[in-house]
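Below is one structure, written out as structure tokens, with a few remarks after it.
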Amino acid sequence: MNARSGIAAGLACLAMAGCTGGSNGVPEVESVQQAIVVQAFDDCEGLEQYIEDRAVLSMRTNLLSALENERMLTVGPLFGANAPSSIGDKSQPTEYTGTNLQVLGVDEADFVKTDGTHIFVLANGALYVTRTWPADQMELLAKVPIEFIPREMFLDEAGRAVVFSNHSWSSTTQPVECYPEKPESCQEPGMNVLKVTVVDLADERAPRVVREEYLPGTYLSARRVGNAVRVVTSDSFPWPLGIKMYVDYNAGSGDLGLRAAAYDELIAANEKLIRDQTLEWWLPKGKRRLPDGSEAEVGYSCQDFARPSGATEAGLLTVATLDLDASAPLGRTSLVARAEEVYSTASALYVANSHWWWWPRAGQEAWTYLHKFDLSQPGRAAWVASGAVEGVIVDQFSMDEQDGYLRLATNQLTRVSGGTTFWGRWMFTSRVQVLQQSGTSLTMVGTTGDLAQDERLYSARFIGRRGYLVTYHEVMRMDPLFTIDLSDPANPRKVGQLEVPGYSTYLHPVDEGHLLAVGVTDTRGVKVSLYDVSDFANPKRQAELEIGTFQFGQGGSEAQQEHKAFNYFRSKKLLAIPFFSEGGYENGYTNVSDLRVFKVDVESESAGLLPAGILSMTDLWGYSPYGWYEGWTPGVRRSVMADDFVYAITDSGIRSASIADPATALSTVVFEPRP
């Protein structure tokens with residue numbers, strides 16, 4: 001394919017809404033598809049060939065996109081218009097809140113964990129162990145440095161912490177990049193590495209690191225059932241040195257034909273660099289640190305990798321399994337694909353990835369690919385089925401399994417005329433789709449159809465055979481809460497609808513007839529709401545409180561984006577929500593960092609939400625002299641409630657108070673700043 005014909009052919013096939021052929025058998029553009037076929041690799045040669053094909057396709061797609069944007073700017077658009085515990089021992093609380101879980105019995109990793117008498121926090125590059133009971137006598141017991149940047153952890157029943165940390169390190173298998181005219185620029189390219197550190201906490205004042213595993217990849221999420229820990233990583237492939245994703249501005253400037261030729265030449269040069277790599281470049285090995293301090297390389301079997309069909313982005317999705325009661329290395333199952341969201345039951349783990357890198361003129365739309373892994377083996381997660389649906393999901397709560405059926409809440413994206421780029425402007429609708437495993441496929445068995453025109457899906461929750469969706473109209477600033485009947489998987493249907501100002505980003509069941517929600521008011525403040533859904537066809541809003549605004553600066557609540565920051569103490573009928581605000585000039589640069597506690601009443605005639613107090617940690621806002629370095633934020637992020645006490649947790653420390661008087665601090669533990 002010569003310099004002028006390659007790009008021209010690529011653009012021509014796009015204009016005809018379909019492309020198949022490309023250099024070396026790699027298609028110019030791939031079509032999305034609902035029936036996904038996953039094939040294992042027979043040998044390493046086939047694995048390397050496929051990885052390089054995907055890398056070439058990804059590189060080519062990025063460059064074609066850039067050229068198409070240039071063309072549009074020249075000639076116009078391409079188309080028209082909780083974990084309670086009963087102890088009974090006065091030396092421990094009777095009950096306490098743990099990590100807010102989507103599925104009962106399936107633990108989710110977080111940077112805060114508690115066993116009732118201690119709170120364990122990952123902050124400032126270390127694991128902090130704090131005795132928190134009694135609440136007025138907190139004591140920092142130990143600090144365990146964690147290599148790399150700690151992300152999340154588990155705390156198991158045997159007193160072990162499993163910590164996940166990420167880093168980009170240099171690989172000796174990769175050459176050094178140097179620019180002769182700038183010797184100071186010499187550097188070794190990095191690769192993403194996930195480290196798993198197991199810490200024995202039996203001696204609370206002297207925890208011991210007992211296991212260290214290194215795995216190529218970037219941490220995405222993790223789940224734990226008993227002794228089996230499943231961690232999901234997702235990564236793009238490391239581009240070889242010399243790869244360029246842009247054409248110099250002066251190359252053929254002002255002449256689309258010359259610009260197309262320059263793009264073709266760059267694509268050809270990039271492809272040669274990609275094809276010249278070995279499998280070790282694309283799939284670096286892991287390692288283990290042994291008890292004597294030595295390191296052992298951990299390889300892989302090419303048969304542990306598989307490829308799904310469909311227009312998946314170039315990358316690697318890995319589900320690694322750590323059996324805490326076994327000494328074997330991490331069990332590893334990988335797909336040559338990418339991952340965005342993870343949902344898990346005790347027996348199956350689902351990984352979802354949106355197809356966002358489509359070509360509009362090739363007739364492609366937004367889809368979500370789904371991969372199901374069986375968790376019956378304690379040492380390995382086995383791929384069992386894949387599928388795809390139209391639309392994109394919002395978060396892990398967009399997925400739920402009931403009686404063998406996977407229910408999905410999706411945003412549907414439709415291109416309409418207008419817009420300033422060749423991608424155009426998007427119109428949103430939403431729907432619920434139901435899938436069932438049939439052999440190795442996840443196949444559609446039912447759908448509601450589109451539910452709301454020009455409204456974007458912001459949150460979803462499935463509870464048994466009922467579903468709840470929240471959409472939002474950006475112009476009208478209204479939040480419809482939809483109730484969905486899922487009793488017939490083949491015929492999910494909308495039953496009720498309620499419209500209120502603003503929107504909710506997280507929904508939490510209080511009981512069978514009530515939901516709590518956190519979200520955004522129509523004026524962009526933070527709100528909590530209580531809904532009565534006992535009459536499923538006629539949901540009602542019982543109460544709503546604006547808990548804070550941040551109109552002159554930055555702020556909000558982490559609970560708006562992270563369900564683990566939402567803490568509902570069911571037995572006490574209490575809700576704790578973190579809030580922070582970085583003030584602007586208009587309000588005197590006043591910063592706020594606190595935990596806001598509410599009483600939740602669903603039983604009396606005047607049912608509603610009542611403020612129960614605020615536990616402030618604003619004085620620790622600027623504690624770190626190093627500012628907002630990676631992995632550190634100044635606001636309250638999590639909370640724990642134990643009996644009649646509440647704890648606010650930040651990256652700077654922990655503070656306790658009585659629930660009856662949150663404004664009066666009982667005890668404070670301050671963490672050391674990161675060195």
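Step by step: first the residues of the stretch 511-535, then only those that are assigned to a strand (DSSP E or B) and open to solvent by 10 Å² or more (accessible area, probe 1.4 Å), then the one that is farthest from Gln396 (Cα to Cα). Which residue is that?
Start the filter on the stretch 511-535 by keeping residues that are assigned to a strand (DSSP E or B), which leaves 511, 514-520, 526-532.
If we keep only those that are open to solvent by 10 Å² or more (accessible area, probe 1.4 Å) too, we end up with 511, 514, 520, 532.
Details: Asp511: 21, His514: 21, Val520: 20, Asp532: 24 Å.
It comes out as Asp532.
Name every residue in the stretch 278-310 that is in contact with a Phe, Trp or Tyr (Cβ under 9 Å, 6 or more places away or on another chain) and β-branched (Val, Ile, Thr), in order of residue number.
Val298
Run down Asp485, Asp479 and say which single residue is within 26 Å of Asp511 (Cα to Cα), modelled with pLDDT of 90 or more and charged (D, E, K, R). Reasoning before the result, please.
Working: Asp479 fails: modelled with pLDDT of 90 or more.
Going through Asp485, Asp479 in turn, just one is within 26 Å of Asp511 (Cα to Cα), modelled with pLDDT of 90 or more and charged (D, E, K, R): Asp485.
Output the residue which, of all residues in the stretch 430-463 that are within 14 Å of Asn411 (Cα to Cα), β-branched (Val, Ile, Thr) and in a strand (DSSP E or B), is most open to solvent (accessible area, probe 1.4 Å).
Thr447
Quick one: Ile577 ticks every box in (1) in contact with a helix residue (DSSP H, G or I) (Cβ under 9 Å, 6 or more places away or on another chain); (2) closer than 16 Å to Val597 by Cα; (3) at pLDDT below 95; (4) among the aliphatic types (A, V, I, L, M) except a single one, so which number is it?
Unmet condition: (3).
Output the qualifying pairs, or none if there are none: Cβ atoms under 9 angstrom, residues six or more apart or on different chains, first residue in the stretch 121-148 and at positive phi, second residue acidic (Asp, Glu).
Close Cβ pairs satisfying both conditions: Asn124/Asp651; Asn124/Glu672; Gly125/Glu147.
Being under 17 Å from Leu140 (Cα atoms) and open to solvent by 60 Å² or more (accessible area, probe 1.4 Å) is the filter here, so list the residues in the stretch 644-667 that pass it.
The answer is Leu666, and nothing else.
Among (1) part of a loop (DSSP other than H, G, I, E, B); (2) farther than 24 Å from Met641 by Cα; (3) at pLDDT 95 or above, which single condition is Thr172 missing?
It is condition (3) that Thr172 fails.
I'm trying to understand the selection: among the residues of the stretch 385-425, which are on the phi < 0 side of the Ramachandran plot, assigned to a loop (DSSP other than H, G, I, E, B), open to solvent by 10 Å² or more (accessible area, probe 1.4 Å) and at pLDDT below 90?
Ser417, Thr420, Thr421, Trp423
With on the phi < 0 side of the Ramachandran plot, open to solvent by less than 20 Å² (accessible area, probe 1.4 Å) and modelled with pLDDT under 95 as the only criterion, which of Gly496, Gly553, Gly583 stands out?
Testing whether each residue is on the phi < 0 side of the Ramachandran plot, open to solvent by less than 20 Å² (accessible area, probe 1.4 Å) and modelled with pLDDT under 95 leaves just Gly583.
Which residue out of Leu324, Leu349, Leu279 is hydrophobic (A, V, I, L, M, F, W, C), modelled with pLDDT of 90 or more and within 22 Å of Thr443 (Cα to Cα)?
Every option except Leu349 fails the conditions.
Got a sec? Which strands (runs of 3 or more DSSP E) wholly within the stretch 254-340 have at least 3 residues that are under 22 Å from Glu45 (Cβ atoms) and open to solvent by less than 40 Å² (accessible area, probe 1.4 Å)?
305-308, 316-323, 331-335
The values are calculated or read from the model by the stated rules, or taken from the named source; none is laboratory data. Fair warning: this is a prediction, and the values are worked out from it, not measured in the lab. Glycine gets a Cβ as well: all are built from the backbone with ideal geometry, and neighbour counts include every protein chain shown. In case anyone asks, the SASA skips ligands and DNA or RNA and just uses the protein heavy atoms, side chains included. Shrake-Rupley method; radii C 1.70, N 1.55, O 1.52, S 1.80 Å.
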